[in-house]
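Everything below concerns the one structure shown next.
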Amino acid sequence: MRRRSVLLAVPAGLVTLAGCGDEKSDTAKTKPSTSPSPSASASSAPPPKIVDGPLPAITAGTKFDEKPTVAKGSGDPSKDVAVKTVIAGSGKTVAENDYIQANYLGQVWDTAKVFDNSYDRKTPLVIQLAQGSIIDGWRYALAGKKAGSRVLMSVPPTWGYGKQGNSQAGIKGTDTLVFVVDIQNTFNAKSSAQGKDVAQGDAKLPKVGTNTDGKAPSIDVPKTAAPTKLVANYVIEGDGDVVKADSSVLVQYKGVLWDTGKEFDSTYSRSALTSFSLQQVVKGWSQGLTGKKVGSRVLIVVPPKLGYGDSPPSGSGIEKDSTLVFSVDILAKM
């Protein structure tokens, strides 16, 4: 049985989300309803054949991460998934079940009607390329591509929204869809913070390892009294966007008890990243991560009143009124 995430599976009153801390967290609740995520009934179709075309032309906005304009499809679209790498990137290779950060535009083949795009929202999509999280056309078309790439694809209903279509987006069950996807980054269970190390000079606070090799950092807790107020300090300071109080984030983390230094929860041990809204976690996390930059590693020391208090999760190994220590890598803002 997969170990439950203590961070997210907590008593009512401390957070609003109760679920497993794995790749299937609350992302679907925070992204726009017209984004290319599937309906509740995921496709059970076999893998498609990937072909080169036909594909409509990109007529404007031809640079990477620039909002494109795409011509209407000419003739009948392929019954397979057509994929073309318009701009080849040189970053990390995307694999199925990775998270990707991407800007995208989607339109209908027959009409060129744009039903969704992230460029106008000025917020890239961060989503997992996993069955049930994204339409199958994306899963198969983007796996193997590199960060920094622009990918043009056409997706027939079988690997899109199926016969039911997506009425909210104005997509019929017979529509083939055309997407342009600019892959900015990709993340997996080996991803770490990237930035500048920050001096950790307070001997009364835990010291966190600064390795960025994807392995869990060490957390050395001093044999002193735990602080009574929240601590949220940079260990590694990134240069990404600032996290806001209502942001959703993708993270790696490790949690230990102040009193014993014993680990009680970790994405590293599960080999699965976690995503969540800061409005859905314990106050120590929501307050500690607000104002921090994407790409950073943050030491968070959570006193009981901002953590689980006298109601720790059953079976977590956390005693009542425990002070918790976390190392949190903020990989992306969602």
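Structure values in brief
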{"quantity": "Neighbours by Cβ (under 8 Å, 6+ apart or cross-chain): first from segment 96-121, modelled with pLDDT of 95 or more and part of a loop (DSSP other than H, G, I, E, B); second of a type in the set (Lys, Arg) and surrounded by 15 or more Cβ atoms within 10 Å (Cβ to Cβ)", "calculated": "Tyr119/Lys67; Asp120/Lys67"}
{"quantity": "Any hit, segment 87-101, residues being surrounded by fewer than 23 Cβ atoms within 10 Å (Cβ to Cβ), under 19 Å from the mean Cα position of the chain (by Cα) and aliphatic (A, V, I, L, M)", "calculated": "yes"}
{"quantity": "Any pair with Cβ under 7 angstrom, 6 or more apart, that starts in segment 167-182 at a residue that is free of Cβ contacts under 8 Å to residues at least 24 places away in the same chain and ends at one that is in a helix (DSSP H, G or I) and among the charged types (D, E, K, R)", "calculated": "Gly173/Lys163"}
{"quantity": "Of the criteria (1) surrounded by fewer than 13 Cβ atoms within 10 Å (Cβ to Cβ); (2) at pLDDT 50 or above; (3) closer than 25 Å to Tyr119 by Cβ, which one Lys29 fails", "calculated": "(2)"}
{"quantity": "Selected residue (criterion: surrounded by the most Cβ atoms within 10 Å (Cβ to Cβ)) from residues of segment 162-191 that are of a type in the set (A, V, I, L, M, F, W, C) and more than 25 Å from Gly53 (Cβ to Cβ)", "calculated": "Phe187"}
{"quantity": "Pairs with Cβ under 6 Å, 6+ apart, first in segment 204-215 and assigned by TED's automatic domain parsing to the domain that holds Leu299, second polar (S, T, N, Q) and buried (at least 16 other Cβ atoms within 10 Å of the Cβ)", "calculated": "Lys207/Gln200; Val208/Ser327; Thr212/Ser192; Gly214/Ser192"}
{"quantity": "Failed condition for Thr59, given (1) more than 28 Å from the chain's Cα centre (by Cα); (2) under 20 Å from Thr158 (Cα atoms)", "calculated": "(2)"}
{"quantity": "Filter result for the condition that a residue is surrounded by 23 or more Cβ atoms within 10 Å (Cβ to Cβ) and under 23 Å from Gly261 (Cβ atoms), over Ser275, Ser316, Ser327", "calculated": "Ser327"}
{"quantity": "Leading residue by the ranking (surrounded by the fewest Cβ atoms within 10 Å (Cβ to Cβ)) among those in segment 250-265 that are touching a Phe, Trp or Tyr at 6+ places or on another chain (Cβ under 7 Å) and under 22 Å from Asn188 (Cβ atoms)", "calculated": "Lys254"}
{"quantity": "Qualifying positions in segment 268-299 - part of a strand (DSSP E or B), closer than 29 Å to Leu129 by Cβ and either of a type in the set (Phe, Trp, Tyr) or at pLDDT 95 or above (or both)", "calculated": "Phe276, Lys293, Arg297, Val298"}
{"quantity": "Yes/no for Thr69 being under 30 Å from Leu331 (Cβ atoms), surrounded by 14 or more Cβ atoms within 10 Å (Cβ to Cβ), among the hydroxyl-bearing types (Ser, Thr, Tyr) and over 18 Å from the mean Cα position of the chain (by Cα)", "calculated": "no"}
{"quantity": "Test: residue in segment 235-248 that is in contact with a helix residue (DSSP H, G or I) (Cβ under 7 Å, 6 or more places away or on another chain), part of a loop (DSSP other than H, G, I, E, B), aliphatic (A, V, I, L, M) and over 27 Å from Gln101 (Cβ atoms)", "calculated": "no"}
{"quantity": "Among (1) in contact (Cβ under 8 Å) with a residue 40 or more places away in the chain; (2) more than 30 Å from Leu299 (Cα to Cα); (3) among the polar types (S, T, N, Q), the one test that Asn188 misses", "calculated": "(2)"}
{"quantity": "Among (1) at pLDDT below 95; (2) under 16 Å from the mean Cα position of the chain (by Cα), the one test that Pro47 misses", "calculated": "(2)"}
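Residues are listed down the side, and each one gets a yes or a no for (1) of a type in the set (Asp, Glu); (2) assigned by TED's automatic domain parsing to the domain that holds Gly73; (3) under 19 Å from the mean Cα position of the chain (by Cα); (4) closer than 26 Å to Glu66 by Cα:
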position: Leu152; (1), (2), (3), (4): no, yes, no, yes
position: Gly162; (1), (2), (3), (4): no, yes, no, no
position: Gln168; (1), (2), (3), (4): no, yes, no, yes
position: Asp239; (1), (2), (3), (4): yes, no, yes, yes
position: Ala245; (1), (2), (3), (4): no, no, yes, no
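The values are calculated or read from the model by the stated rules, or taken from the named source; none is laboratory data. Being a predicted model, the structure only gives us computed values, none of them experimental. With ideal geometry, Cβ positions are generated from the backbone for all residues, glycine too; neighbour counts draw on all protein chains shown.
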